[in-house]
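Working notes, structure below.
The values are calculated or read from the model by the stated rules, or taken from the named source; none is laboratory data. Keep in mind the model is a prediction, meaning the values are calculated, not measured. Neighbour counts are summed over all protein chains in view; Cβ atoms, including those assigned to glycine, are modelled from backbone coordinates with ideal geometry. Just so you know, the surface numbers come from the protein's heavy atoms only, side chains and all, with ligands and any DNA or RNA stripped out. Shrake-Rupley method; radii C 1.70, N 1.55, O 1.52, S 1.80 Å.
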Amino acid sequence: MRWLPLIVASIFSWWPGHHSVVTRPAPVIKSVLTTKKVVALTFDDGPTRTWTPKVLQVLKDNHVKATFFVIGQHATQRPEVLKQEIDSHMEIGSHGFQHLTLRNQSADAVKQEVQQNEALLTSLGVKKPTLYRLPGGSSDSVALKVLGQMGYKVIGWSVDTRDWRRRYTADQLVERVNKTVQPGAIIIFHDGPNSSQATVDAVKKLIPELKQEGYTFDTVGQMLKLEKFGPH
Ligand SMILES: [Zn+2]
């Protein structure tokens, strides 16, 4: 009966409630698989007093909900701007407490960065965030495993405006989106210190243009629910 422990072990590994199953790294979700003409606008690195209220105003004027990936250190300094986002019913995701690049970090360091921002955001009235955007888009399997264990979905992007470089006009940003947009796209802008008026103007121009093409706008969280077979 030398094989008996083996059988027992395999039954246990199949058992749905068996918790010692190793968590697989969370996938980086870059877009949502759907045929519906819907896109998600996302804004990273805020809140700032200069750009966040302007972006919020454009979104409100156009009745569009978007997702803001907030840096804890910025939210601590400008909690009143974060409150404006919450009051405008925008979706708040985490972008880390100090915008730490989650590559080549220990599991403990990743956990600390993620947890610190989670604690701060919830203390400022945000519902426990479930979406995480990686600073610089960088990660490794250690970071993705920790994020998965902590219940986060990792959100990348499929349309990169590169607005943070501050060298493109609003028209150039809009053109870049129009070239690559497709149903289920996740579009990345910035409302952080590297943002500029071009971002605000681009969003103002882009929303009516995409609406004209038949697109609607949703938060990332809402858009993910459209995916029949779960995030890919
Ligand atoms: Zn960032």
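Can you tell which of I186, I155, I207 is within 16 Å of the ligand (Cβ to nearest atom), within 14 Å of V38 (Cα to Cα) and open to solvent by less than 20 Å² (accessible area, probe 1.4 Å)? It would help to see each step written out before you state the result.
On the way: I155 fails: within 14 Å of V38 (Cα to Cα); I207 fails: within 16 Å of the ligand (Cβ to nearest atom).
Checking each option against the conditions leaves just I186.
Among the residues examined, V174 qualifies as modelled with pLDDT of 95 or more, under 27 Å from L226 (Cα atoms), in contact with a helix residue (DSSP H, G or I) (Cβ under 7 Å, 6 or more places away or on another chain) and outside any loop (DSSP other than H, G, I, E, B).
Residue-level check: of (1) touching a helix residue (DSSP H, G or I) at 6+ places or on another chain (Cβ under 9 Å); (2) over 20 Å from A198 (Cα atoms), D140 misses just (1). Of the set (1) aliphatic (A, V, I, L, M); (2) outside any strand (DSSP E or B); (3) within 18 Å of the chain's Cα centre (by Cα), all apply to I188 but (2).
Within the range 102-112, if we keep just the residues that are surrounded by 16 or more Cβ atoms within 10 Å (Cβ to Cβ) and not in a helix (DSSP H, G or I), the residue that is farthest from the ligand (Cβ to nearest atom) turns out to be Q105. Restricting the range 137-152 to residues that are among the polar types (S, T, N, Q) and more than 14 Å from the ligand (Cβ to nearest atom), the residue that is surrounded by the fewest Cβ atoms within 10 Å (Cβ to Cβ) is S141.
Looking across the range 126-136 at every residue that is more than 16 Å from the ligand (Cβ to nearest atom) and not basic (K, R), the one that is surrounded by the most Cβ atoms within 10 Å (Cβ to Cβ) is identified as V126. Within the range 30-54, the set of residues being open to solvent by less than 80 Å² (accessible area, probe 1.4 Å), part of a helix (DSSP H, G or I) and away from the ligand (no atom under 15 Å from the Cβ) comprises P53 only.
With respect to (1) away from the ligand (no atom under 13 Å from the Cβ); (2) under 19 Å from the mean Cα position of the chain (by Cα); (3) small (G, A, S); (4) open to solvent by 50 Å² or more (accessible area, probe 1.4 Å), the lone exception for S123 is condition (2).
Do you know which of the residues in the range 158-171 that are in a helix (DSSP H, G or I) and surrounded by fewer than 14 Cβ atoms within 10 Å (Cβ to Cβ) is nearest to the ligand (Cβ to nearest atom)? Please lay out each step first, then the result.
Our first condition is that a residue be in a helix (DSSP H, G or I); within the range 158-171, this holds for 163-165, 170-171.
After this cut, where a residue has to be surrounded by fewer than 14 Cβ atoms within 10 Å (Cβ to Cβ) as well, the list is 165, 171.
Details: R165: 13, D171: 24 Å.
Checked the range 158-171; the qualifying residue nearest to the ligand (Cβ to nearest atom) is R165.
Within the range 65-99, being crowded, with 20+ Cβ neighbours inside 10 Å and assigned to a loop (DSSP other than H, G, I, E, B) holds for A66, I71, M90, H95, G96, F97.
Q115: open to solvent by 10 Å² or more (accessible area, probe 1.4 Å), away from the ligand (no atom under 16 Å from the Cβ) and over 22 Å from V38 (Cβ atoms), yes or no? Against the criterion (open to solvent by 10 Å² or more (accessible area, probe 1.4 Å), away from the ligand (no atom under 16 Å from the Cβ) and over 22 Å from V38 (Cβ atoms)), Q115 qualifies. When you look at A26, is it of a type in the set (G, A, S) and in a loop (DSSP other than H, G, I, E, B), yes or no? The answer is yes for A26.
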